Amino acid sequence: MEKPKKKDKTREPAIAGRADIDQAIENLSSADERRLEQFAKFKIRGLGRKARGQDDEDLLQEAITSVYVGAEDPGHGRHWPKDEVEFVPFLMGVMRSVASHWGDSFSDDEAYLEAELVVETDEGELRSPLEDAPSAEPLPDRKLIANEELRSILKSFADDDDAILIFEAWEEGMTSAEIVEGLGMPKERLEAGVKRIRYHVRAR
Amino acid sequence: MANSKSHEEQYRLVMDALAESVAELSDFDLEQEFKEEPPPRTKQILKAAAKKRAQTKLRAARARLEESRQAIHGRSYDLPKTPAEQRALLDAVIASKLASGSVLLTAQFRDRRSTSDADVESTLRQLDALGILQDFRKLKGL
């Protein structure tokens, strides 16, 4: 990734135009493409049903559309200050914002799609709780489904103390820096543990 | 570690942490970790969004143009009947606007003798739709 120029606080930031955005997309390296793709995938997994059936491609497209809108309209969309922030971190920031908006605008009363209820059992089988649910009973709570997913992932790290500690720290909202500083885990062990968790979750 | 958050919130936090972990990976580590995966389609996805937006804007512009065409053609106009009278009216309006310094002429209208009758009528319709003919008539007491 190219380094952004130093910020000149005496000037208004230059907002990227359409041609700048087109060029930034064209210039994406394969690593940047992968970074944006995986970032979007994990954000969507985290949203669960709050994504309302939208996937990682929808998140990427919503984010970039917002940047294009911002390039043409000072009052709307997201404005990329191209000399201050690189394109990839900026687009990830927009995705954070869009995902957060999707999550906030979701009501817990919204109907479930059956596909959203399918969970993977400890034996690796996909199962829909609807298959066993008598019609008169209420639908299973998403909270229970999320818990089943979390426990299932955690169970696979039974002998990996670092992965368990990182995972539980994440569940509490701790950042990588807080795990290193607060829990005293060396950075190298943190990175290795995160890599094992990422590999395992991606494979599920 | 005691958990104080809902399971849904914990699940989101874990996935968000994994997203951030990808954001922080070096290019080399990313390439290594995902080398077995099919190539990413991110550029293609982003370009498709840009194209879709451009098409949406084009459709909206066409709809606006069609709307204004309909507005001009759909209404009744109070224009002189003959081409000669229409040309005289257009000349008078333009002369009046030039005299007041409130108009800039395009090259097309600098020599109105070369303007077709159809263009003269179309221009008068547009001036009428804009209220300019009405203002002119009021000014001249017509």
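Taken together, the values in this text are just the output of simple stated rules run on the coordinates, not laboratory data. Note that this is a predicted model, so its numbers are computed, not measured. So basically every Cβ, Gly included, is an ideal-geometry build from the backbone, and we count neighbours across all protein chains shown.
Measure off 7 Å from each Cα along the Cα-to-Cβ vector at B:L58 and A:Q23, then give the distance between these two points in nanometres to one decimal.
Here the answer is 2.4 nm between the modelled labels.
Once the Cβ-Cβ distance between A:Q54 and A:D159 is put in as r, and R0 is 51 Å, what FRET efficiency do you end up with, to the nearest 0.05?
Efficiency at R0 = 51 Å is approximately 0.85.
Once label points are set 7 Å from the Cα along Cα→Cβ at both B:I72 and B:E37, what is their separation, rounded to one decimal in nm?
Those two pseudo-labels are separated by 5.3 nm.
What average count of beta carbons from other chains do you get within 10 Å of the Cβ of residues in A:26-32?
Per-residue shielding by partner chains comes out at 5.
Of the listed pairs A:K43/B:K57; A:K41/A:K195; A:K195/B:K51; A:K82/B:K35, which have alpha-carbon separations greater than 27 Å here?
Cα-Cα > 27 Å for A:K43/B:K57; A:K195/B:K51; A:K82/B:K35; rest within.
How large is the helix-only mean residue ellipticity at 222 nm for chain B, computed as the sum of -39500 (n - 2.57) over DSSP H runs with n ≥ 4, divided by its residue count, in deg cm²/dmol to the nearest 500?
-23500 deg cm²/dmol
Looking at the square roots a ≥ b ≥ c of the eigenvalues of the Cα gyration tensor of region A:18-104, which shape do they give, rounded for a/c under 1.5, prolate if a/b is larger than b/c, or oblate?
oblate
Please give the average number of partner chain Cβ atoms lying within 10 Å of the Cβ of each residue in A:40-53, rounded to a whole number.
4
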